[in-house]
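Report on the structure given below.
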Amino acid sequence: MSYDFMVIDSHKRFKNSKEFWGWYSGVVECNDDVDYNDYRHATPELQQWFLSMKEWVRPMNGEFAPAAEEVGMGEFEEADYSIGRDFIYVALAYSDVKKVGPIAFGLAKKHGLSFFNVSGDGILYFSDGKTMKPTLEEAEREALEEESQKEFSRRNLLSLLAVVPFLLLYFVCIYYMDSWGAIALVIAFLVFLVVAYYSKRWINRTNADVLERHRQQEVSEEPRPLLSEISWNFRLGSYSSMDDFRKAVNDYNMQEKKARVDNLLDAPIDCVGIETTFILPDEFSVHGNAEQPSAHFVADDGKAFTGYEILYKLNEWLFPILMDSDAVYFKGFNCYSLLNGPTTCRVLLGKQVR
């Protein structure tokens, strides 16, 4: 369990949530070509921050990591520093947050860096004192508005291009004014009015069209995963009994979310049925084998699974599989009922940044 934050180079400025999350989603994905333990490829300000910060909280890996016999001997537990070109992502022991948080934030201000409180209030504190709270909901709205504006501009241009020929005809008629020219002038003027009217209606429908496409896209998306409210890390260990596992899950959620989860996990999950097959995402396919790892579970009471039972069985199955994986966090699961067949559920996993 960790408390995460990020320090960001002051040159990275974000106008809105869309721009921030577009950048953030890219940098937190691990790149095999980058050594995230080497501080030297970061900007000078980030290097200075890291060299100051490591004196307080030692890194787990890299040249400044303590020897095996010295791990845990410092004032604070070691932290996981993931160092990129223009950011440093830190996974800190939750027990050290109250003391270390202000130190990290103070050093960020000292070295002119921005600070993003990932696990806390979710606020991005810029180096100039300004703040922004980037949310995914706001990012989606901004992306929709941007798409709408682009569509509006495109249709406006097409409408103007459609009117140009009729304006040319209009001026030609004026220049060659005679009886036929007068008739042509009237016709051209009427056509111009019709085109202008329908062009305006076409432009005004832009936002409605884009919003409707977005609404249909949302409807087609999968339903919210089951048990997605539960926090759990599959690398915490294996448990000999359901009682031990129940206590571990509750302790973990109390530390992560300050809430007990008995009311959610004790309830039966009727929609899963009495037996189901769980599979992992495609990325866990065994090399040379198109099939993902899977496990078949049957409800102990022959009636319905409880949340605790599913999560316990998932933990015992996934603990050895995910030992060397970055995808260790439980994010719920989606179920698909096959016609005249058993239910299949896909486990959703969140990745841990190195």
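Just a few scattered comments:
- Sequence ranges 313-324, 253-264, ranked by mean other-Cβ count within 10 angstrom, highest first: 313-324, 253-264
- Proportion of all alpha-carbon pairs of the stretch 1-62 beyond 15 Å (%): 64
Bear in mind these aren't lab numbers, they're just calculated from the coordinates by the rules spelled out. Given the structure is predicted, the values throughout are model-derived calculations rather than measurements. So basically every Cβ, Gly included, is an ideal-geometry build from the backbone, and we count neighbours across all protein chains shown.
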